[in-house]
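Structure, as structure tokens:
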Amino acid sequence: MLPSDLLMHRYQGEAIVPKRLVVNAANLAIAQEAITCFTAACNHTRGELNQRLQDLEGDGTDYRIKRGLAHLLSSSFCTFEVISPLDPPSLRQRVFMLAAQTVPSPTATTQTLERLAVNLSQELDREVSATQIQAGLYADRPDNQILTTFEAPTPEALLHRYNLSQVQGLFYKATHITINAHRNDPGEYKLLFRYLKLFSLMAYIEGDADQGFTLKIDGPASVFSASTRYGLALAKLLPALLHVTRWSLTATLTHKDSYTQQQRTRRFTLDSDCGLVSHYPPGKPYDSMLEASFAERWQKTKTDWKLEREIDLIPIPGSVMIPDFRLVHPDGRTVLLEIVGYWRPEYLKKKFSQVRQADRSDLILAISERLNLDKAGVNFRDTPAQLVWFKDKLSPKAVLQVLED
């Protein structure tokens with residue numbers, strides 16, 4: 001995403017409108033110039049790349065756009081590495097120790113590097129030159145890091161990323177956000193809720209899969225005195241929301257008035273017709289190796305029960321529970337399955353609280369015996385769900401036994 005100094009927006013009454021670039025020939029050419037600059041800088045230092053980018057900016061008025069594109073390329077598509085025959089701090093220490101034993105002079109410095117090169121060649125079992133040592137002495141400084149890999153995006157993809165980042169930046173100072181996810185495919189909701197949980201966002205959820213969900217999310221300006229970390233987490237949710245087919249969003253934002261220096265409130269709205277493009281993948285088939293292993297073993301089991309991945313959503317007060325699997329029998333019976341592996345005590349308490357609130361007797365809870373539920377303060381004995389215990393891997397046979405019972 002973009003830092004605050006590269007965000008651009010304008011005001012339209014009480015609404016705020018972020019800067020977005022049209023995908024046309026002129027802007028595609030600007031994006032291509034930036035990409036070409038990074039491509040040419042491969043195997044060179046970050047300092048040399050920055051000089052190329054500075055030359056690219058020139059005296060034009062669009063320098064902030066070019067800086068924004070360069071920031072996105074540098075932070076999302078590049079790999080910078082420290083190239084040195086030895087850890088730079090250790091290398092500096094050895095060079096300085098050797099240098100202290102000689103009389104200060106240009107010749108002595110050259111001799112010191114050559115002596116250390118011989119020692120390191122023997123120690124590392126490979127040839128090390130005085131030039132490599134000299135380059136590696138301060139290789140850990142940002143300007144001296146080497147651009148080793150650049151995964152160049154297309155100019156169009158870079159412009160889409162820029163437009164998305166400009167919108168994301170508005171959420172840095174949000175007080176709260178309301179998202180209405182209208183009637184959609186259940187899988188889209190589940191992906192959105194997974195990201196909500198991944199970014200540890202505080203949300204109140206109402207609704208169901210048939211009618212849609214309303215998510216009320218606290219913003220950084222309301223809960224953590226404009227915490228930058230929480231604001232970034234909130235901004236990261238937007239690319240996940242773009243995978244939902246039908247939705248609308250309303251955000252309340254705070255900013256300091258440049259004239260009065262007082263806090264003002266602005267409004268921002270967005271919906272599924274916004275034209276923004278997500279760079280997030282549509283979602284992994286399984287959340288863990290434990291789930292993937294169970295699904296693979298189930299396919300080899302001779303049973304009439306069919307295993308389906310995350311079909312049902314269980315609404316509970318202020319949230320939603322997403323069981324891992326649904327088991328369906330040809331005679332019409334259905335049972336939900338939730339696997340509880342190794343998690344933090346806070347997660348366990350929340351999970352079992354959800355199970356009690358859901359009050360579903362058609363739910364099987366598979367629990368790892370490695371979890372110390374008593375120590376975590378979790379009461380699992382009064383849950384309406386059927387319990388299955390496992391050690392390292394969940395056995396389909398154990399689940400089938402509960403189904404038959």
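Could you tell me how many of the residues in the stretch 196-207 are over 16 Å from Thr178 (Cα atoms) and touching a residue at least 24 places away in the same chain (Cβ under 8 Å)?
Number of matching residues: 2.
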- Message: Kindly evaluate Ser258 against the criterion of being at pLDDT below 85 and either under 25 Å from the mean Cα position of the chain (by Cα) or more than 28 Å from Lys216 (Cα to Cα) (or both).
- Response: yes
- Count of the stretch 189-203 residues which are at pLDDT 80 or above and either outside any helix (DSSP H, G or I) or within 11 Å of Trp247 (Cβ to Cβ) (or both): 6
- Item | Count of residues meeting criterion [out of contact with any Cys (no Cβ under 7 Å at 6 or more places or on another chain) and buried (at least 18 other Cβ atoms within 10 Å of the Cβ)] in the stretch 138-152 | 4
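Being in contact (Cβ under 8 Å) with a residue 40 or more places away in the chain, outside the structural domain of Glu114 (by TED's automatic domain parsing), of a type outside the set (Ser, Thr, Tyr) and in contact with a His (Cβ under 7 Å, 6 or more places away or on another chain) narrows it down to one of Ile65, Ile16, so name that one. Walk me through it before giving the result.
Numbers: Ile65 fails: in contact with a His (Cβ under 7 Å, 6 or more places away or on another chain).
The unique qualifying residue is Ile16.
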- Query: Would it be correct to say that Ser293 is outside any loop (DSSP other than H, G, I, E, B), out of contact with any Phe, Trp or Tyr (no Cβ under 8 Å at 6 or more places or on another chain) and at pLDDT 80 or above?
  - Reply: yes
- Message: Tally up the residues in the stretch 360-384 that are in a loop (DSSP other than H, G, I, E, B) and modelled with pLDDT of 80 or more, please.
- Response: 3
- Task: Determine if the stretch 81-88 includes at least one residue that is part of a helix (DSSP H, G or I), at pLDDT 75 or above and more than 13 Å from Gln134 (Cβ to Cβ).
- Result: no
- Task: Residues being more than 17 Å from Gly275 (Cα to Cα) and at pLDDT 95 or above: count how many of those fall in the stretch 7-25.
- Result: 1
- Task: Filter the stretch 314-337 down to the residues that are surrounded by fewer than 19 Cβ atoms within 10 Å (Cβ to Cβ) and hydrophobic (A, V, I, L, M, F, W, C), then identify the one that is nearest to the chain's Cα centre (by Cα).
- Result: Ile316
- Subset of the stretch 39-66 (residues that are in a helix (DSSP H, G or I), of a type outside the set (Gly, Ala, Ser) and touching a helix residue (DSSP H, G or I) at 6+ places or on another chain (Cβ under 8 Å)): Arg46, Leu49, Asn50, Arg52, Leu53, Leu56, Glu57, Tyr63, Arg64, Ile65, Lys66
- Item | Test result for Gln122, part of a helix (DSSP H, G or I), within 19 Å of Ile146 (Cα to Cα), at pLDDT below 90 and not β-branched (Val, Ile, Thr) | no
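In this structure, does Ser353 turn out to be at pLDDT 75 or above, in a loop (DSSP other than H, G, I, E, B) and closer than 25 Å to Ile205 by Cα?
Numbers: at pLDDT 75 or above: yes; in a loop (DSSP other than H, G, I, E, B): no; closer than 25 Å to Ile205 by Cα: yes.
Judged against the criteria, Ser353 is not a match.
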- Within the bounds of the stretch 91-107, is there any residue that is closer than 30 Å to Thr250 by Cβ and either of a type in the set (A, V, I, L, M) or touching a residue at least 12 places away in the same chain (Cβ under 8 Å) (or both)? no
- Answer residue from the stretch 1-35, given it is of a type in the set (Gly, Ala, Ser) and in a helix (DSSP H, G or I) and is nearest to the chain's Cα centre (by Cα) among those: Ser4
- Query: Which residue pairs have Cβ atoms under 7 Å apart, sit 6 or more places apart or on different chains, and have a first residue in the stretch 31-54 that is charged (D, E, K, R) and a second that is in a loop (DSSP other than H, G, I, E, B)?
  - Reply: Arg46/Gln145; Glu48/Ala41; Arg52/Ala41
- Going by the conditions given, is Ala235 modelled with pLDDT under 85, among the aliphatic types (A, V, I, L, M) and assigned to a helix (DSSP H, G or I)? no
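In the list Gln211, Gln263, which residue meets the criterion of being under 22 Å from Lys19 (Cα atoms) and either modelled with pLDDT under 90 or buried (at least 20 other Cβ atoms within 10 Å of the Cβ) (or both)?
Just a single option satisfies the conditions, and that option is Gln263.
The values are calculated or read from the model by the stated rules, or taken from the named source; none is laboratory data. Values in this document were obtained by computation on a predicted structure and should not be read as measured data. Please note: Cβ atoms are built from the backbone with ideal geometry, for glycine as well, and neighbour counts cover all protein chains shown.
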